[in-house]
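Comments concern the structure below.
The values are calculated or read from the model by the stated rules, or taken from the named source; none is laboratory data. Source: prediction; values computed, not measured. Backbone-built Cβ (ideal geometry, glycine too); neighbour counts: all protein chains shown. Note: accessible area is taken over every heavy atom of the protein model, side chains too, but ligands, DNA and RNA are not part of it. Shrake-Rupley method; radii C 1.70, N 1.55, O 1.52, S 1.80 Å.
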Amino acid sequence: MNWDSKFAARTAHMKRSTVREILKLTARPEVISFAGGLPAPELFPVDRIREATDTVLAERGREALQYSTTEGMRELREWIARRMSGDHLQIHPDNILIVSGSQQALDLVARVLIDEGDRIVVENPTYVGMLQCWRPYNLNFSAIPTDADGMQVEEIPAVLRSAPHKLMYSIPTFQNPMGITLSHERRLRLAEILVEHGIPFYEDDPYSALRYSGDDLPNILTCEAQARGSKTLDGSVIYAGTFSKTLTPGLRVGWVAAAAPLIDKLVQAKQAQDLHTGTLTQLITYEMVRDGVFLDQHIQTLRATYRRRRDLMLRMLEENFPEEVTWTKPDGGLFLMITLPESMDASELLKVATTRDVAFVPGDGFYTGEDGHNTFRLNYSNAREDRIEEGIRRLGVVLKEAMAQRA
Ligand SMILES: Cc1ncc(COP(=O)(O)O)c(C=O)c1O
């Protein structure tokens, strides 16, 4: 059978994630890889998960192994609604939908909001998993440039006025791939723009719990409600959260917080897709987070380790990378991004780096257009300290050699 002749037209826009392909190349244990977006496996709360699983199976075994509702487990949705509510925004459990990892939320939102050929506003560079998920809709991306304070929000009104747009997408806090964060001032301005234009805004927020420096900022969900003068969740922001980075990605439990009519449509899409998120993993997640104590302690542990790794990577970059190279300085999350001189190509550099057993992800795949050839992303959460030291040293040598050749 010639399968190529059978595939649907939209598959022309599908391709394998370059990050996942690079991860395959770097699977050899001797390779120091800064390529993945992986949490540190040595910090996974294995014992606590075992205990929680035992408790769930002993106390609610039959429920845990049965089909359940598409919306998700009621107590977990109540817990999330309470945790996300504050003085400025009261969230009801009916505003919460449990999803199978927040990646599923991207797919569900596309299914219910996006038509073929729609225009979407995104920050550039952006999350490659969103591009992979939404590109099959043959979209027109309006790319908003970024700087150290996040997306350049002041550029958005002109873009929105130039043509009708369906949706905006952003990772305002500790962005993937750059590690940058939208400043408070820009959050407030963005909220005003959203209210003025009434455009849906997808706030992808897997990383905000992982802050290592600076002050917490309100999410866009809250800023937009304040801009509307409302304390209820009935505006245009679609918030996606996850337990992947605070507990473990293996559970595949995330959530969407949004206005009830949208949640209702997403439930219909999810029903068709996977009926519901795993009952067992939802119950285990709830068992682990219900008193808040374990989760908060665990987040402190993650923060302490990742802060050390971030600081070490920044110091090693300072000591080992040539002057012409610059990088972002994240306050949290898992990544930072390197910019090489314009004439250099990060994919070429990766070929040399892998021969020295060190790897990263070239930045071009994170851009909506043709930019980013001279950028690459480094992950600092997954490598132990000695590997960060050795890996950045090796990369420094590769870079200096490449620059000497260029000269
Ligand atoms: C920006 C962003 N969104 C969504 C996800 C998906 O996370 P999960 O499906 O594990 O919740 C990731 C994972 O790395 C991410 O970086």
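Residues that are of a type outside the set (A, V, I, L, M, F, W, C), within 16 Å of the ligand (Cβ to nearest atom) and in a helix (DSSP H, G or I) within region 120-138 comprise Gly129, Gln132, Arg135, listed in sequence order. All of Gly241, Gly229, Gly235 fail the test of being modelled with pLDDT of 95 or more, within 16 Å of the ligand (Cβ to nearest atom) and not polar (S, T, N, Q), apart from Gly241.
Among the residues of region 310-323, are any touching a Ser or Thr at 6+ places or on another chain (Cβ under 8 Å) and more than 14 Å from the ligand (Cβ to nearest atom)? Within region 310-323, none of the residues are touching a Ser or Thr at 6+ places or on another chain (Cβ under 8 Å) and more than 14 Å from the ligand (Cβ to nearest atom). Considered as a group, the residues in region 355-383 that are open to solvent by 40 Å² or more (accessible area, probe 1.4 Å) and more than 19 Å from the chain's Cα centre (by Cα) include one that is farthest from Ile32 (Cα to Cα), and that residue is Glu370.
For (1) in contact (Cβ under 8 Å) with a residue 40 or more places away in the chain; (2) assigned by TED's automatic domain parsing to the domain that holds Pro362; (3) away from the ligand (no atom under 16 Å from the Cβ); (4) surrounded by fewer than 10 Cβ atoms within 10 Å (Cβ to Cβ), each residue gets a yes or a no:
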residue	(1), (2), (3), (4)
Ala12	no, yes, yes, no
Ile22	yes, yes, no, no
Thr26	yes, yes, yes, no
Glu30	yes, yes, yes, yes
Ala35	yes, yes, no, no
Pro39	yes, yes, no, no
Thr55	yes, no, yes, no
Ala58	no, no, yes, yes
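Each residue in region 244-254 was checked for being open to solvent by 30 Å² or more (accessible area, probe 1.4 Å) and either near the ligand (Cβ under 8 Å from one of its atoms) or within 26 Å of His197 (Cα to Cα) (or both), and 3 of them qualify.
In region 267-285, the residue that is nearest to Tyr202 (Cα to Cα) out of those that are within 16 Å of the ligand (Cβ to nearest atom) and surrounded by 24 or more Cβ atoms within 10 Å (Cβ to Cβ) is Lys270.
Within region 282-325, the set of residues being more than 18 Å from Leu210 (Cα to Cα) and either part of a loop (DSSP other than H, G, I, E, B) or in contact with a Cys (Cβ under 9 Å, 6 or more places away or on another chain) (or both) comprises Arg290, Asp291, Phe321, Pro322, Glu323, Glu324, Val325.
Taking the listed residues Asp204, Asp216, the one that is at pLDDT 95 or above, within 29 Å of Arg308 (Cα to Cα), more than 16 Å from the ligand (Cβ to nearest atom) and among the charged types (D, E, K, R) is Asp216, with no other qualifying.
Quick grid of which residues meet (1) open to solvent by less than 10 Å² (accessible area, probe 1.4 Å); (2) within 11 Å of the ligand (Cβ to nearest atom); (3) at pLDDT 95 or above; (4) acidic (Asp, Glu):
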site: Leu97; (1), (2), (3), (4): yes, no, yes, no
site: Ala105; (1), (2), (3), (4): yes, yes, yes, no
site: Leu108; (1), (2), (3), (4): yes, no, yes, no
site: Val112; (1), (2), (3), (4): no, no, yes, no
site: Asp118; (1), (2), (3), (4): no, no, yes, yes
site: Asn140; (1), (2), (3), (4): no, no, yes, no
site: Ala143; (1), (2), (3), (4): no, no, yes, no
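Only one of Ala105, Ala110, Ala52, Ala58 is over 23 Å from the mean Cα position of the chain (by Cα), assigned to a helix (DSSP H, G or I) and within 19 Å of Gly254 (Cβ to Cβ); which? I'd like the intermediate steps shown before the answer.
Details: Ala105 fails: over 23 Å from the mean Cα position of the chain (by Cα); Ala110 fails: over 23 Å from the mean Cα position of the chain (by Cα); Ala58 fails: within 19 Å of Gly254 (Cβ to Cβ).
Residue meeting the stated conditions: Ala52.
Every listed requirement among (1) open to solvent by less than 20 Å² (accessible area, probe 1.4 Å); (2) within 16 Å of the ligand (Cβ to nearest atom); (3) under 20 Å from Thr181 (Cα atoms) is met by Ile156 save one, (2).
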